[in-house]
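The values are calculated or read from the model by the stated rules, or taken from the named source; none is laboratory data. Worth saying up front: this structure is predicted, and the values here are computed from it rather than measured. So basically every Cβ, Gly included, is an ideal-geometry build from the backbone, and we count neighbours across all protein chains shown. Calculation scope for accessible area: heavy atoms of the full protein, side chains included, ligands and nucleic acids excluded. Shrake-Rupley method; radii C 1.70, N 1.55, O 1.52, S 1.80 Å.
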Amino acid sequence: MRLNIHYKINLIFGSIVAIILFGIYIYLNSSLQKYTYRRIETNLLKEISLSKSFVKQYYTKDAQSRELDKIADKIGEDLGLRVTIIKLDGTVLGDSELNEKELKLLENHLYRPEVQQALHSGTGESRRFSTKIGRASCRERV
């Protein structure tokens, strides 16, 4: 008789602990996702600001696409990110993960959501699958 009560108490106690741990997991998972997302966003904004001043320093009106592609390559390499430089009309001038041939085949980026958002507010973002480089969680900021 005594063993049965002991097992029942352990089962109840184990169930309560499991429910509490599951609740903590759900709460922490959500909180950590939000915190990580905000942290990445803050870092990206800082890196964009730095990259923007770098591009302004080396960009001239008569700069050729090849030079801008090299600048995108350099920024992408230094930051460990994919960097795409586009004109206000949506033409891609440089991309850190595409070569010159692939760059010429790219479609106009003007109507992409992050570009439209950036034109209106200064920055823009979207998450999607990039068919060009084959990455599943492509996040872009302009």
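Relative to a virtual label point 7 Å from the Cα of R66 in the Cα→beta-carbon direction, which members of the stretch 81-104 show backbone nitrogen distances below 15 Å?
Counting only backbone N, you get 94, 99-104.
Would you work out which of F54, L98, P113 lies farthest towards the positive end of the dipole of the stretch 1-115, given +1 charges on the beta-carbon of Lys and Arg and -1 on that of Asp and Glu, about the Cα centre?
It is P113.
Tell me which residues come under 5 Å, amide H to amide H, from L98 once H is placed; ignore anything under 5 positions away on its chain.
For L98, whose amide H was placed from the backbone, there are no distant partners under 5 Å.
Along the positive direction of the dipole of the stretch 8-127 (beta-carbon charges: Lys, Arg +1; Asp, Glu -1; about the Cα centre), which of S126, T42, V17 reaches farthest?
Of the listed residues, the answer is V17.
Extent of the stretch 1-50 along each principal axis, from alpha carbon coordinates, in Å, largest to smallest?
73, 10, 5
Scaled to the compact-protein estimate 2.2 N^0.38 Å, what is the alpha-carbon radius of gyration of the stretch 59-126, rounded to two decimal places? Please list the in-between numbers first.
Details: Rg = 11.9 Å, N = 68, 2.2 N^0.38 = 10.9 Å.
Expressed relative to 2.2 N^0.38 Å, the Cα Rg reads 1.09.
Per residue, what accessible area does the stretch 1-131 have, given a 1.4 Å probe and all protein chains present, in Å²?
For the stretch 1-131, the solvent-accessible area averages 78 Å² per residue.
List the extent of the Cα atoms of the stretch 1-127 along each of their three principal axes, largest first, rounded to whole Å.
Rounded to whole Å, the extents work out to 91, 29, 26 Å.
If you stretched the chain out fully between Y59 and I19, how much longer would it get, using 0.36 nm times the residue separation minus the C-alpha to C-alpha distance?
Value of the extension gain: 8.6 nm.
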